[in-house]
1. Give me a count of the residues in segment 195-217 that are closer than 22 Å to residue 161 by Cβ and either assigned to a helix (DSSP H, G or I) or charged (D, E, K, R) (or both).
2. Would you mention how many residues in segment 159-194 are in contact (Cβ under 8 Å) with a residue 12 or more places away in the chain and part of a helix (DSSP H, G or I)?
3. Give me a count of the residues in segment 55-75 that are farther than 22 Å from residue 134 by Cα, in a loop (DSSP other than H, G, I, E, B) and in contact (Cβ under 8 Å) with a residue 40 or more places away in the chain.
4. List the helices (runs of 4 or more DSSP H) that sit entirely inside segment 76-140 and contain at least 3 residues that are surrounded by fewer than 21 Cβ atoms within 10 Å (Cβ to Cβ).
5. Restricting to segment 126-138, name every residue that is of a type outside the set (Phe, Trp, Tyr), more than 15 Å from the chain's Cα centre (by Cα) and modelled with pLDDT of 90 or more.
Amino acid sequence: MTATFREWNRILMIIIILNYDDCHNFLLGALLAHNTRQRMIEATQILVARHGSHGTSFGDILAESGAPRGSLYHHFPGGKEELITTAVRATGARALGELEALRGASATEIAAGFVSMWRQLLTLANFTVGCAVAGVAVDAESDDLVDLSGEIFAEWTVLLASLLTEGGIPSERAPSLAAILLAGCEGGVILARAARDLAPFERVAGELIALISEATPAP
């Protein structure tokens with residue numbers, strides 16, 4: 001006789017109650033391991049965005065994350081490159097999610113929202129970090145990491161072009177305008193970090209938004 005979902009839940013609860021200490025220790029250990037791994041990923045995202053791939057060391061990652069020594073190869077058997085790969089992929093995925101949240105807006109609103117993502121990066125970190133993906137593209141220690149940065153930039157550009165098309169930009173222009181938006185924001189971030197001032201970024205951002213607005217045909 002097959003147990004129902006509710007019966008299986010009851011059985012599981014009985015097992016947990018009867019073996020509370022073992023289950024508690026197992027679940028706590030799993031949670032701590034997950035938290036350590038996640039902290040290392042997030043620390044690596046920050047450090048690569050700040051110092052580049054080559055400028056990010058094991059010691060920096062451990063200090064930033066508070067992870068115990070020996071945890072790097074436990075969670076990332078491939079070492080530093082595997083950790084940076086994981087961190088940069090996570091950065092790429094998060095940006096895709098933020099872009100998806102703009103779906104359904106006008107092309108001008110999409111451009112403004114995209115610009116806002118980069119503005120927040122600068123202001124929240126007080127101009128101390130840039131783009132982690134760019135940090136790998138210009139400072140990677142392996143061809144695989146350079147290729148990864150290219151893949152992520154391509155994913156961002158394709159999605160941004162799709163959103164712009166849905167927002168009113170002619171499909172034949174959307175890929176080029178998406179590339180201009182991305183390149184402009186990346187460059188604006190570099191200028192703002194160098195000046196420790198938002199003004200250079202805002203000048204670039206204003207022109208980018210105006211460009212998209214002018215490229216959108218009147219209804």
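1. Taking segment 195-217 and keeping what is closer than 22 Å to residue 161 by Cβ, we get 204-217.
Those left that are additionally either assigned to a helix (DSSP H, G or I) or charged (D, E, K, R) (or both): 204-215.
Residues flagged as closer than 22 Å to residue 161 by Cβ and either assigned to a helix (DSSP H, G or I) or charged (D, E, K, R) (or both) within segment 195-217 amount to 12.
2. Quick first cut of segment 159-194, residues in contact (Cβ under 8 Å) with a residue 12 or more places away in the chain only: 159-164, 166-170, 173-175, 177-182, 184-193.
Of the ones still in play, those that are also part of a helix (DSSP H, G or I) are 159-164, 166, 174-175, 177-182, 184-193.
The total comes to 25.
3. Counting residues in segment 55-75 that are farther than 22 Å from residue 134 by Cα, in a loop (DSSP other than H, G, I, E, B) and in contact (Cβ under 8 Å) with a residue 40 or more places away in the chain gives 0.
4. Working: elements: 79-100, 107-124, 132-137.
Qualifying helices (runs of 4 or more DSSP H): 79-100, 107-124.
5. So in segment 126-138, the residues of a type outside the set (Phe, Trp, Tyr) come out as 126, 128-138.
Checking the rest, the ones that are also more than 15 Å from the chain's Cα centre (by Cα) come to 126, 128, 138.
Listed by number, the residues that qualify are 126, 128.
Let's see how each residue does on (1) of a type outside the set (Lys, Arg); (2) modelled with pLDDT under 85; (3) under 30 Å from residue 177 (Cα atoms):
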| position | (1), (2), (3) |
| --- | --- |
| 24 | yes, yes, no |
| 39 | no, no, no |
| 50 | no, no, yes |
| 79 | yes, no, no |
| 105 | yes, no, yes |
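The values are calculated or read from the model by the stated rules, or taken from the named source; none is laboratory data. Predicted model only: the values in this text are computed from it and were never measured. Neighbour counts run over all protein chains shown; Cβ positions are idealised from the backbone, glycine included.
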